[in-house]
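Below is one structure, written out as structure tokens, with a few remarks after it.
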Amino acid sequence: MEEEFRALLKRVRAELVSPAELSAYQKLLALVRTDGRAARDELAEVLVAPERPLWAREIAAYALGSRGDRRAFETLVLLLNYREPVRCATAAHVLARLRDPRTARAAAALATNPLRTAYAIHPVRLLTELRAPESVPALLSTLERLLAARDHCWPVARACVEGLGILGDRRAEATLVAAREHERLRPAALTALARLNGRGGGAHGARTGSST
């Protein structure tokens, strides 16, 4: 069992407050540890069954997504947009492994939504990891909006700067130069610009031409 899943189970176990919840948790964990199509079908039913607690859907989505089962996609995207950062981080981890072709579009929609900026850091980081065609435009759009806003939301802006440096696309140069003027973004912007200059013009095709 990988470290991320152990951390998820430990977190969920700490949330349980009744014997009934503990029993349901143990039954679900036994199902996760069972191989085969029938077990995966039961886990998929957990995702859509009425009145299932969020923690049960999170465990089922993690287990399915880690096995490449795209039935987990909708739940994982819901969790990626959740108000608790730890759940967002877990969902992003699994979505990166799932490689569903819809992932980059969903992450871009969340990252660029001005009403959800406070929850955008994990979609931004996911877009960086995916290196999809949607990644650079979404990160640029989000960063440009934050640079112009009264509330710059520094952690998200910094994640965009770092992501654009990793992706190495020359389209980001002017925006990174603008980010450099903000003290809180200057170190990350300088590093990102150095990466762009070191890679030259060939980075765009190598880094953003792939798809999910």
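The values are calculated or read from the model by the stated rules, or taken from the named source; none is laboratory data. Since the model is a prediction, treat every value here as computed from it, not as a measurement. Cβ atoms come from the backbone with ideal geometry, glycine included; neighbour counts cover every protein chain shown.
Structure notes:
- Failed criterion for TRP55 (all others in (1) surrounded by 17 or more Cβ atoms within 10 Å (Cβ to Cβ); (2) at pLDDT below 95 hold): (2)
- Scanning segment 174-212 for residues that are surrounded by fewer than 17 Cβ atoms within 10 Å (Cβ to Cβ), modelled with pLDDT of 95 or more and of a type in the set (Ser, Thr, Tyr) yields a single hit, THR191.
- Set side by side, the residues ALA138, ALA118 differ, and just one is assigned to a helix (DSSP H, G or I), over 18 Å from VAL94 (Cα atoms) and either in contact with a Lys or Arg (Cβ under 6 Å, 6 or more places away or on another chain) or modelled with pLDDT under 95 (or both), which is ALA118.
- Set side by side, the residues ALA120, ALA91 differ, and just one is among the small types (Gly, Ala, Ser), buried (at least 20 other Cβ atoms within 10 Å of the Cβ), under 12 Å from the mean Cα position of the chain (by Cα) and not assigned by TED's automatic domain parsing to the domain that holds VAL77, which is ALA120.
- Yes/no for GLU84 being free of Cβ contacts under 8 Å to residues at least 12 places away in the same chain and either in the same structural domain as ASP35 (by TED's automatic domain parsing) or within 19 Å of LEU8 (Cα to Cα) (or both): yes
- Residue in segment 46-54 that is of a type in the set (Gly, Ala, Ser) and closer than 20 Å to GLU2 by Cα present: no
- Residue in segment 99-110 that is under 23 Å from GLU3 (Cβ atoms) and loosely packed, with under 15 Cβ neighbours inside 10 Å present: yes
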